[in-house]
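Just so you know, all these numbers are worked out from the coordinates, no wet-lab data involved. Worth saying up front: this structure is predicted, and the values here are computed from it rather than measured. Here Cβ is always computed from backbone atoms with ideal geometry, including for glycine, and neighbour counts include all displayed protein chains.
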Amino acid sequence: MSAVLHAHPESGPSLGVAAGNRRKALSEAGMRGRWWRFVVILIITAIVLVPIMVTVLLAFTPGPNSTATGLTLENLSNVFSKTLAATWLKNSLVTTLSTVVVSVAVAAPAGYVLSRGRSKAVSGYSLLLFVMQSLPIITSVVPLFILFAGMGLVDNLLGLTIIYLGSTMTVATWMMAAYFDSIPMSLEEASWIDGCSVFGSFTKVVLRNSLPGVLSTAIFAFLLAWNDYLVAIVFLRSNEIFTLPMGVQSFFQQNATDWTSVMALAVVMMLPPVIVFATLNKYFSVGGIGGSLAGR
């Protein structure tokens, strides 16, 4: 009996040491796994960024007829002074910003109806949106061209903006509805008790807690309209009406050997999306929703 009693104090420390060794081994294995994942992600990121880095480097490299040495802004200056790059940039900004504002303004209340509505009419509307979203835009280009030609909207930025709105509206509505689903109904019920109307609770409670969803929808609409080339090449004819993707393609066809100038115009096209995302990135947070439910 005494031998057994003496064995217990000795076995306790040994078990603790073994457990500590196991935890240390698991921690080291986890650290090695994280480092491997970090290295793999770093390599993939570097591969993805290579074309962008080459584009930016060529844009600031002196051209074949330049006397400058080292990195220079001469290519950007030549692009704006010798081409319609400023006009193309303005056209792209007008169509893109119009698409973003209108699509978010319409998709927000439509997404709220999809999120909170439970009637057959809402379900049918949701199904119709899904069907429209599944159709590629190329299937509508020819009939839209015939229709818009009779209305004088071909070679017109208004007609192009209308098409962008139609192509972004369905996905934008689905995105807003999905984010509204994450906002608890208890927030709206509390505002109704305090005397808010349905519209008042939507604007003052739901939208205020939906900033990340609104920004995600706005960025989606921005990128779709900003990067479009397929629709623009069908509906635009005049050089002064071109958007920036059309302008880059036209400039490349005329200056295929001057890669530095072409890349400079490509950098001009890349800058607005980078600026928009860098500016709005800090607002992508959903932490405010949980705080709204404190004490309920």
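Points worth noting:
- Expressed per residue, the C-alpha convex hull volume of region 62-162 stands at 190 Å³.
- For region 74-290, a Kirkwood hydrodynamic radius built from all Cα pairs, placed in the Stokes-Einstein relation at 10 °C and 1.306 mPa s, yields a translational diffusion coefficient of 82 µm²/s.
- The listed peptides 146-156, 91-101, 197-207, 227-237, ordered by packing as a protection proxy, come out as 91-101, 227-237, 197-207, 146-156 (highest mean of other Cβ atoms within 10 Å first).
- Mean separation of Cα contacts under 8 Å, 6 or more apart, over the residue count of region 74-290: relative contact order %: 35 percent
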